[in-house]
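Accompanying notes for the structure given below.
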Amino acid sequence: MIKLVNLKKEYDLIYHSLLKSMNKLHNESSYILNSDVKILEKKLALFKQSKYCVTCANGTDALILALKSLNLPSGSEVLVPAYSWISTASCVLINNLRIKFVDISRDDCCIDLNELKKKISKKTRAIIIAELYGNVIPSNYLRKICKQKNIYLIIDGAQSFGSYEQNDFYDIYTTSFFPAKSLGAFGDGGACFMNKIRFKKNIEYLRVNGQKEKYHSSILGINSRLDSMQAIVLLEKLKFYKSFIKKRYSAAKYYKKYIDVNLKEIQILLNFNQKINICTNFPILIKKRNLFISFMKDKGVEIGKNYPFPLTKQQTFKKFSNNFSFRNADYISKSIVTLPINPFITRKEQDYILNCLNEFNKTF
Ligand SMILES: Cc1ncc(COP(=O)(O)O)c(C=O)c1O
């Protein structure tokens, strides 16, 4: 079976040095927020070119903590994309804030900037952008609008850590180290990135039950720490991350070259014009999606379906869509699939997948 990701190969690569670090950790027996977590935070911040990084238990908590750290009055309006993973929107409700959905673009599945402009109101206090599949949004326009209107910008970068356009702009950027992400731990993990010390301090308190001083709860927080074991795994994987990104990108280009020539009618949803795209997934639109997924399964190829419903159609969020239509989110979610992509995929495997794709297209 050709799987979407190949985590065993990543494990094989770091196995020897990981054993050494694990031994050291067990000898020290310091399993929570140890020095490795601090080292990781420094290295991640350097990688992201942000001033600070604060790690936490997962990407969902990173969003909850990021939004909490802004100290917005309850009921403030937060703009979120109509199409993303659940956490992009749930963090707003968990923080007692109000969701206003914005449609996405049909080109890259990120928030549509023209729609965003129309939806901004006097009550808007923050915008959350989800950079899906590795695609990023040019920040110049966002910088202008956020500065002009005094709106905070949170970027949900669970799928874009390492992607880059130009002049990165955000108040807080969050990411996830879920195992299948481009930089994945051996369990859950997440992080927030920021350039203002105020946000760093707030999130550091919030992730340890609001303790500014040990045993003293000063603000209402949660327990959301990155385990030292996960930090060690991430430190090892980080050594290879730049080369992983190059390999993913090269595999994505290989798919694109073939599809552009032989399957012109298939739309690819990755942006190849940005400076760096980490290509967390290889999303395309396909007709007869369920048939395609079972066809590929019979051929021994795993296909992803993220995401089959927009947030605006989920039970939890339906009532916040105010019966507006989110045409692009609906359109994309009906026929999106993702093809296997990872740093270890071979050209032979890709040729096989492309041949199957071709066969499906001719047959159905
Ligand atoms: C866009 C997006 N946001 C947030 C998350 C949440 O991350 P986690 O699973 O680590 O909580 C994910 C993970 O799937 C994601 O893809």
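Counting only residues that are open to solvent by less than 20 Å² (accessible area, probe 1.4 Å) and over 18 Å from ASP103 (Cα atoms), give me the strands (runs of 3 or more DSSP E) lying completely in the stretch 122-197 with at least 3 of them.
Passing ranges, in order: 172-176, 190-194.
Among the residues that make up the stretch 259-280, is at least one of them within 17 Å of LYS3 (Cβ to Cβ) and open to solvent by 30 Å² or more (accessible area, probe 1.4 Å)?
no
Looking only at residues that are in a strand (DSSP E or B) and open to solvent by 20 Å² or more (accessible area, probe 1.4 Å) in the stretch 88-106, which one is nearest to LEU116 (Cα to Cα)?
Here the answer is LYS100.
Of ILE172, ILE219, ILE232, which residue is more than 14 Å from the ligand (Cβ to nearest atom), among the aliphatic types (A, V, I, L, M) and touching a residue at least 60 places away in the same chain (Cβ under 8 Å)?
ILE232
Failed condition for LYS144, given (1) over 22 Å from ASN322 (Cα atoms); (2) touching a residue at least 12 places away in the same chain (Cβ under 8 Å), with all others met?
It is condition (2) that LYS144 fails.
Quick check on the stretch 296-303. Is at least one of its residues within 20 Å of the chain's Cα centre (by Cα) and within 21 Å of ARG248 (Cβ to Cβ)?
The answer is yes, given that some residue of the stretch 296-303 is within 20 Å of the chain's Cα centre (by Cα) and within 21 Å of ARG248 (Cβ to Cβ).
Determine which single condition CYS146 fails, assuming it passes every other condition in (1) closer than 19 Å to ASP171 by Cβ; (2) out of contact with any strand residue (DSSP E or B) (no Cβ under 6 Å at 6 or more places or on another chain).
(2)
Quick check: is even one residue across the stretch 113-121 of a type in the set (S, T, N, Q) and either surrounded by 22 or more Cβ atoms within 10 Å (Cβ to Cβ) or touching a Ser or Thr at 6+ places or on another chain (Cβ under 8 Å) (or both)?
No - not one qualifying residue is present in the stretch 113-121.
Tell me, which residue of the stretch 199-213 that is free of Cβ contacts under 8 Å to residues at least 60 places away in the same chain and assigned to a helix (DSSP H, G or I) is surrounded by the most Cβ atoms within 10 Å (Cβ to Cβ)?
Filtering first and then ranking leaves TYR205.
Collect the residues in the stretch 321-339 that are within 13 Å of ALA82 (Cα to Cα) and either hydroxyl-bearing (Ser, Thr, Tyr) or modelled with pLDDT of 95 or more (or both), keeping them in residue-number order.
Within the stretch 321-339, SER321, SER325, PHE326, ARG327, ASN328, ALA329, ASP330, TYR331, ILE332, SER333 qualify.
Scan the stretch 63-79 and tell me whether some residue there is within 12 Å of the ligand (Cβ to nearest atom), at negative phi and open to solvent by 10 Å² or more (accessible area, probe 1.4 Å).
Yes: the stretch 63-79 contains one or more residues that are within 12 Å of the ligand (Cβ to nearest atom), at negative phi and open to solvent by 10 Å² or more (accessible area, probe 1.4 Å).
Looking at the stretch 214-249, which of its residues are assigned to a loop (DSSP other than H, G, I, E, B), open to solvent by 10 Å² or more (accessible area, probe 1.4 Å) and at negative phi?
LYS214, SER218, ILE219, LEU220, GLY221, ILE222, ARG225
Is one or more of the residues making up the stretch 285-303 within 25 Å of CYS91 (Cβ to Cβ), open to solvent by less than 20 Å² (accessible area, probe 1.4 Å) and of a type outside the set (Phe, Trp, Tyr)?
No: the stretch 285-303 contains no residue that is within 25 Å of CYS91 (Cβ to Cβ), open to solvent by less than 20 Å² (accessible area, probe 1.4 Å) and of a type outside the set (Phe, Trp, Tyr).
Looking at the stretch 107-121, which of its residues are in contact (Cβ under 8 Å) with a residue 60 or more places away in the chain and either in a strand (DSSP E or B) or within 12 Å of the ligand (Cβ to nearest atom) (or both)?
CYS109
Counting just the residues of the stretch 307-329 that are touching a residue at least 60 places away in the same chain (Cβ under 8 Å) and within 16 Å of the ligand (Cβ to nearest atom), which one comes out most open to solvent (accessible area, probe 1.4 Å)?
Top of the filtered list is THR316.
Yes or no: SER160 within 16 Å of the ligand (Cβ to nearest atom), within 27 Å of THR124 (Cβ to Cβ) and not hydrophobic (A, V, I, L, M, F, W, C)?
Criteria met by SER160.
Could you grab the pairs with beta carbons closer than 8 Å, sequence gap of 6+ or different chains, first residue in the stretch 177-195 and more than 16 Å from GLU236 (Cβ to Cβ) and near the ligand (Cβ under 7 Å from one of its atoms), second one open to solvent by 10 Å² or more (accessible area, probe 1.4 Å) and of a type in the set (Phe, Trp, Tyr)?
Matching pairs, first to second residue: ASP188/PHE178.
Go through (1) farther than 30 Å from PHE240 by Cα; (2) of a type in the set (Asp, Glu); (3) free of Cβ contacts under 8 Å to residues at least 12 places away in the same chain one by one and return the number of the condition GLU77 breaks.
GLU77 satisfies all of (1) farther than 30 Å from PHE240 by Cα; (2) of a type in the set (Asp, Glu); (3) free of Cβ contacts under 8 Å to residues at least 12 places away in the same chain except (3).
The values are calculated or read from the model by the stated rules, or taken from the named source; none is laboratory data. Remember, predicted model here, so these are calculated numbers, not experimental data. Cβ: placed from backbone, ideal geometry, glycine included. Neighbour counts: every protein chain shown. Note: areas computed on protein heavy atoms with side chains; ligands, DNA, RNA excluded. Shrake-Rupley method; radii C 1.70, N 1.55, O 1.52, S 1.80 Å.
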